[in-house]
Amino acid sequence: MSTVLDGKHITLGVTGSIACYKAIDLASKLTQANANVDVILTKGASKFVTTLAFAAITHRPVVTDVFDPQSELSIDHVALAERSDSIVIAPATAHTIAKMAHGLADDALTTTLLATQAPVIVAPAMDAHMFDNPATQANVRLLEERGVTFIGPASGRLASGLIGKGRLVETPEIIGCISAALGRHGDLAGKKIVVSAGGTEEAIDPVRVITNHSSGKMGYAIAEAARDRGASAVLVSTPTALPAPYGVRMVNVRSALDMRDAINHECRDADAVVMAAAVADWRPVSTADQKIKKGASNEWAIELTKTPDIIAGLAADSLVKVGFAAESQDLIANAQSKLVSKGLDLIVANDITAEDAGFASDTNRVTILDREGGADDLPLMSKYDVGVNILDRVRPLFRRDIS
Ligand code: PMT
């Protein structure tokens, strides 16, 4: 899977917080995404983690001292600042945040920060009272005014035993933040892309619903791929087990009718919509107010009625419409027919009975059909890469001019 991180230079500043150990996982995930990770450990961080732990993962020298004759910085102390595509401080202590706010440069990390033009991302980790302290809050606000992006801290149990807002956010969230920063000037910058995800829930009574096997992974991946190319991504999602992707605006829905209202609203000023959600074709004619009790009979019939066809109902004058076809047989014929009947620009056909494809898998195997008779059979790939391929085909179709 190739993402916006591929080949990028990320400088990871690690400062003296107990959460340092999580920075090893972050360095590992960034390296696995094929980023070149240069780690700078502050003196405080070196009390918690070793340079070896990071060097073994990044396969690159770790910087601890700008005056170390072995360090590249001793020759060109702004080398990292100049080659970084983004600088991330995770975890960031109150002390380092304060030094950044006041332009101090007394170690390798603050020297690099003062010299860089790259996007700076700060993931704080400290005791809750320290983060709430007016001094820390003033430093955070000052840095945000200067364009520094803060992510977290999260709330939860802290090293002190307190429960509060001071925990380092999880690695996927930091990676999402870095990806959004790296992609901000991408080829979809200025475009609004609406994506639907998950399986709708059609209520029978307050307890029971009719739903399907959609996990939301396909839609979430498309939204992340759009974010990573600079788009303003909106995800209209049913309940899923997935964390909300960083930098994507979430609109939470349950039923097909809820989804219709949300999609209609969000598509008024959108450039494209990608309907990856598994929307129920039928819903109960009526939803009982109370839980339906089991009667003496062994059978129970539920009368269903058709749901409105959301994507078919969208005006297409300035909106690129991309649908999916979830089929178990006659994949291309059924997809072709939906492409025409729903007035789509593209349709992504997937055989939901295929191995490692369709519902809940991390990968998918799709054929993308267009209105000119084109049919692109894509090999099995990550759902993120399917999203990239879909967006590659959406780009030439944009009809709304950016004024
Ligand atoms: O979420 P995952 O676990 O990752 O699984 C991914 C997926 C299999 C759900 C996804 O790849 C997929 O196929 N999504 C479409 C599922 C679906 O409803 O397909 P369909 O052939 O029934 O519907 C055709 C298109 O019309 C779809 O874009 C659908 O969102 C849309 N539709 C359907 C019904 C309806 N009332 N309104 C709609 O807009």
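The values are calculated or read from the model by the stated rules, or taken from the named source; none is laboratory data. Just so we're clear, the structure is a prediction, and the values are computed from it rather than from any experiment. Every residue, glycine as well, gets a Cβ built from its backbone with ideal geometry; the counts of neighbours run over all protein chains shown. The accessibility values were calculated without ligands, DNA or RNA, using every heavy atom of the protein model including side chains. Shrake-Rupley method; radii C 1.70, N 1.55, O 1.52, S 1.80 Å.
Brief remarks on what is shown
- GNM flexibility winner over the chain from 105, 280, 94 (Cα, springs under 10 Å): 105
- Cut-off 12 Å between beta-carbons: net charge of the residues surrounding residue 209, Lys and Arg +1, Asp and Glu -1: 0
- Computed from the Cβ-Cβ distance with R0 of 25 Å, the FRET efficiency linking residue 340 to residue 305 stands at 0.50.
- In sequence order, region 311-328 has phi-based couplings of 5, 5, x, 7, 5, 10, 4, 10, 10, 7, 10, 10, x, 10, 10, 9, 10, 10 Hz under the Karplus curve 6.51 cos²θ - 1.76 cosθ + 1.60, θ = phi - 60°, and Gly or Pro positions carry x.
- Note that region 346-356 has calculated 3J(HN,Hα) couplings of 9, 9, 9, 8, 9, 8, 6, 9, 6, 5, 6 Hz, one per residue in order, obtained from phi through the Karplus relation 6.51 cos²θ - 1.76 cosθ + 1.60 (θ = phi - 60°); glycine and proline are x.
- Reciprocal mean inverse distance between Cα atoms of region 65-128 - Kirkwood radius, Å: 12.2
- Dipole of the chain [Lys/Arg +1, Asp/Glu -1 at C-beta], most positive-end residue of 358, 218, 284: 284
- Here the 3J(HN,Hα) profile of region 286-295, calculated from phi with Karplus coefficients 6.51, -1.76 and 1.60 at θ = phi - 60°, is 9, 10, 5, 6, 10, 4, 6, 7, 5, x Hz, Gly and Pro shown as x.
- Under 5 Å between amide hydrogens, built in the peptide plane, is the criterion, and for residue 210 it picks out 202, 203, 204 among residues at least 5 positions away or on other chains.
- Region 9-182 - share of DSSP beta bridges that are antiparallel (%, nearest 5): 20
- Only beta bridges with both residues in region 273-361 are counted; by DSSP, about 25 percent of them are antiparallel.
- Legend: calculated FRET efficiency, residue 378 to residue 135, from the Cβ-Cβ distance at R0 = 60 Å, rounded to 0.05, equals 0.65.
- 10 Å beta-carbon shell around residue 365, net charge (K/R +1, D/E -1): -4
- Within the accessible surface of region 269-403, defined with a 1.4 Å probe on protein heavy atoms only, the carbon and sulfur portion equals 48 percent.
- Amide H contacts of residue 304 (H built 1.01 Å from N, under 5 Å, at least 5 apart or other chain): 285
- Classified by the C-alpha gyration tensor, region 186-397 has a prolate form. Its axis ratio a/c, with a ≥ b ≥ c, is 1.5 or above, and a/b is larger than b/c.
- Taking every DSSP helix (H) stretch of at least 4 residues in the chain, weighting each as -39,500 (n - 2.57) and dividing the sum by the residue count yields a mean residue ellipticity at 222 nm of -8500 deg cm²/dmol.
- GNM top mover of 355, 299, 145 - the chain, alpha-carbon springs below 10 Å: 299
- Extension gain, residue 258-residue 9: 0.36 nm per intervening residue step, less the Cα-Cα distance, totals 85.4 nm.
- Under 5 Å between amide hydrogens, built in the peptide plane, is the criterion, and for residue 366 it picks out 378 among residues at least 5 positions away or on other chains.
- For peptides 285-291, 306-312, sequence by mean Cβ density within 10 Å, most packed first: 306-312, 285-291
- One equal scatterer on each Cα of the chain, no solvent, Debye formula: the resulting log10 I(q)/I(0) at q = 0.06, 0.09, 0.11 Å⁻¹ is -0.31, -0.64, -0.87.
- Once the 1.4 Å probe is applied to the protein heavy atoms, the chain comes out at 47 Å² accessible per residue.
- Neighbourhood charge, 15 Å Cβ-Cβ cut-off, centred on residue 346 and excluding it, Lys, Arg +1 and Asp, Glu -1: 0
- Pairwise Cα inverse-distance average, inverted: Kirkwood Rh of region 271-403 (Å): 16.8
- The alpha carbon convex hull volume per residue for region 1-114 rounds to 92 Å³.
- Percent of beta bridges antiparallel (DSSP, region 174-316, rounded to nearest 5): 25
- The charge dipole of region 335-395, taken about the Cα centre with unit charges on the Cβ atoms of Lys, Arg (+1) and Asp, Glu (-1), comes to about 300 debye, rounded to the nearest 20.
- Between 96, 323, 115, the Cα set farthest toward the positive side of the dipole of the chain (charges on each charged residue's Cβ, about the Cα centre) is that of 96.
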